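Written out below as structure tokens is the structure these notes cover.
Throughout, read-outs are computed from the coordinates displayed, never taken from laboratory work. These numbers come from a predicted model, not from an experiment. Glycine also receives a Cβ, built like all others from the backbone with ideal geometry; neighbour counts cover every protein chain displayed.
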Amino acid sequence: MRFELILAGLLTLLMMASSSAQNRARAELPSSRGPVTIEAGLLAKESADRWVAYDRVVIRFQNTIIKSSKISYNPITEEATFEGGVELIDGTQWLKAGRAELRLKDDTGVLYEVEGFTDQALFVKAKRLVKTGPGTYIASDGFITACDDAVPKWSFKLKKARIRLDSSARIKHTFFRIKGIPVFYLPYVAIPTEKKKRSSGFMIPSTGNSNKKGRRLSQAFYLVLGDSADVTVHEDYFSERGFGHGVAFRTRPNATTTLQLDGYLLDDKKGQGGASFNATGETYFANGFRAVADFNLVSNFLFRQVFSDNFFTATQPTEVSSVFLTNNFQSRSVNILVSREETLFPGRNAVIRSFPTFQFKLHGHRFSRLPFYLDLDTAAGGFSRADSLIETPSMTQRLDFFPQLYFSLPLFQGLRVTPKVAFRETFYSDSLTSKESSQSGGVSGDNLARQYLELSLDLKGWGLSKIYRESSLSGSWKHLIEPTARYQYRSGIDDFNRTLRFDEYDTITNSHEIEYGIFNRIFVRRGSGEDRQTREWLSVKVVQKHFFDPDFGGAFEANTVNQFSTFTSLSGFHFGGIRRDFSPVTTLARVTPQPGFSFDARTDYDPDFHRLRNFGVAGHFIRSQLLLSAAYFRTRELEQGSFESNQIQSHIAIGRLRRGLSASGTLRYDAESSRLLNHRARLNYFWDCCGVSVDYQGFNLGARQESQIRFAFFLKGIGSLGTIRRPRSPF
């Protein structure tokens, strides 16, 4: 019985609601900008110039919807008065007011005691909001924020603000407030609105503190240069060091071209100042060519070490700048390169320049239907080098011609042998003088023609494998063993000690060697159906070289650093300080137990010294709100050119940037000198409309022993206040 009563009551309410909806009055009135539709519980025409509506009134006009308890409308002047609460909806605009006076003819009017969103992010509250036209307002006595709280987490107090929905909200003489408490005064603020169009003006100032540089104050001015370019000029003041001046220019003139230029100059009170210039650019041409520019120039490395914001740039020993033009089509490649490379040394820095170098490459070109293939490298360019030992003329010409002919012959069970014959001729317009005088850096204008013949034999492709029984928990496993071998004979380089060294091509020597190695790989397959996946679980590579000619055709010199291409192609760590028949045994291993967890190890074992030359391990572990990574590197001083090092690096990050608390920390420790080189800790907290980050970093690098504190306050829809770069999409 009770159920029937409830059902009868619900049906009665539905019938009443339906009857009420059907009895609502509706009128459509003409206007200069289209029809105005009025719906209300009671609608009356009191005179030719006055319509009155009561009870849940809704006006629809173009894309605008206005709701109110009572309105009066003049169809002649197209003016409307709203009382008893007003709600205005127009696209992404949503405004709520106590009362309003609007003129539909020119989209103007006044709203009183108003609050709401002028776009998807910007919330305004004002005692009086004057609508001066389509999408333009003047707000008085209130605040602007992006927070939807009774007392917003942050806001800009306003006496008067001009708001353009397609541009910005501009406020003069405002206070930035946190939870209603004034923090600092700003004479002028421009806040981007819905379309977030770029606009010129001063950016929010920032500050930080350092025990070596003192208080840092930064102010920038942003200037829009049309639709595709802008420039930012910024000034830094360090209370203990002086003024820094920076400029950044960006442009994207078309969809395939970008260019960014950055320059910075600082006149340091303590003599550690300098200047830097960085540039990156890229463009694509219709004929398939691609041009790239990447400049990194600094007046001195001490300036970069002292004033860099991160450990990597502060310790990087080499500055490389290059511009190249390239076109790759089918098996061919055409390249033009200009570059400059400067490497830091205790005495004079080594500077190597490459003037326009033209290069043509042909790879894997097959001779008709014959099973022979051709690789061809040709180049012509100019180079120069200056360091503490030698200084070449302003341009040394180098012409290079290097064809390689080969074919691949299948043997059995997947094993293939690839014989290759190659010839190379290189012309140098200058050369080193005799061995005795070259020790003092003598460079001669005598030409040098280097010619050599190279024969090689590659054996690979053969392997042993076994698949282990599949289980429901661990899946199926496959173990693969792949041995490899490469024999090489190179002869004809009799004047190696007269060759000027510009790059790796100039470190080629006579050689008679064999490289042999073995790969162990373990694969795991898990899942079922379409979700079944195979991945590599473990990979171990062990490789070594045997030198039949340990003198390398007379190029090897005892008690010195011998940097030959045959050494560097095996290991990035130097081992050419002694005469040897066998290279170190290089081992590379990687284990990936599961996605997001990886571990790498590498080492060189020296059979001549019967000990490890170097050892390194690195790994990372990633889960939804946790990242752990660590690395350890150890090298030993066993001969001239090698050195002792023992360093540990670690990083941890917890939490998510999008919402809530997150933290990260980094340590770099030199166990050899018992010195903490760099440490960094960052704490972040993000709400729905803002976030705050505090960063503490310390350096202990030669001329730089410094601790600094930086902070940033991120505002949704606006930007950041502080000296920390904004993280990716925190909101």
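A few points about this structure:
- In the range 28-200 the Cα-Cα distances spread across 5 Å bins starting at 0 as 2, 8, 17, 20, 18, 13, 9, 6, 4, 2, 0, 0 percent of all pairs.
- Scoring 143-149, 633-639 by mean Cβ neighbours within 10 Å over their residues and listing the highest first yields 143-149, 633-639.
- Separation between Cα centres of the range 290-334 and the range 354-395, rounded to whole Å: 21
- Eigen-decomposition of the gyration tensor built on the alpha-carbon atoms of the chain gives equivalent ellipsoid semi-axes of 69, 34, 28 angstrom, largest listed first.
- Per-selection Kirkwood Rh - the range 606-731 (Cα, Å, 1 d.p.): 17.1
- Dipole of the range 201-307 [Lys/Arg +1, Asp/Glu -1 at C-beta], most positive-end residue of A255, A229, V306: V306
- With the simple model of a label 7 Å out from the Cα in the direction of the Cβ, K172 to N209 spans 3.6 nm.
- Given +1 at the Cβ of Lys and Arg, -1 at the Cβ of Asp and Glu and no other charges, the dipole of the chain around its Cα centre is 2620 debye to the nearest 20.
- Environment charge at D268 (Cβ cut-off 13 Å; Lys +1, Arg +1, Asp -1, Glu -1): +4
- Calculated log₁₀ intensity ratio I(q)/I(0) where the Debye formula runs over C-alpha points of the range 201-307, q = 0.12, 0.15 Å⁻¹: -0.53, -0.75
- Proximal aspartates and glutamates to K179, defined as alpha-carbon separation beneath 16 angstrom and excluding residues fewer than eight positions away on the same chain: D148, D149, D688
- The residue among G91, L104, S155 whose Cα reaches farthest toward the positive pole of the charge dipole of the range 86-205, with charges on the beta-carbon of Lys, Arg, Asp and Glu, is S155.
- Degrees, to the nearest 10: 2-22 long Cα axis against longest axis of the chain: 80
- A Förster radius of 30 Å combined with the Cβ-Cβ distance from L627 to S707 puts the calculated FRET efficiency at roughly 0.75.
- Only Lys, Arg, Asp and Glu carry charge here, each on its Cβ (+1 for the first two, -1 for the last two); on that basis the range 201-307 has a dipole of about 400 debye about its Cα centre.
- Theoretical gain in end-to-end length, Y685 to R252 [0.36 nm per residue, Cα-Cα removed]: 152.4 nm
- Kirkwood estimate for the range 493-597, i.e. one over the average of 1/r between Cα atoms, Å: 16.6
- With helices as the sole contributors, the chain gives -1500 deg cm²/dmol at 222 nm; each DSSP H run of n ≥ 4 counts as -39500 (n - 2.57), and the sum is divided by every residue.
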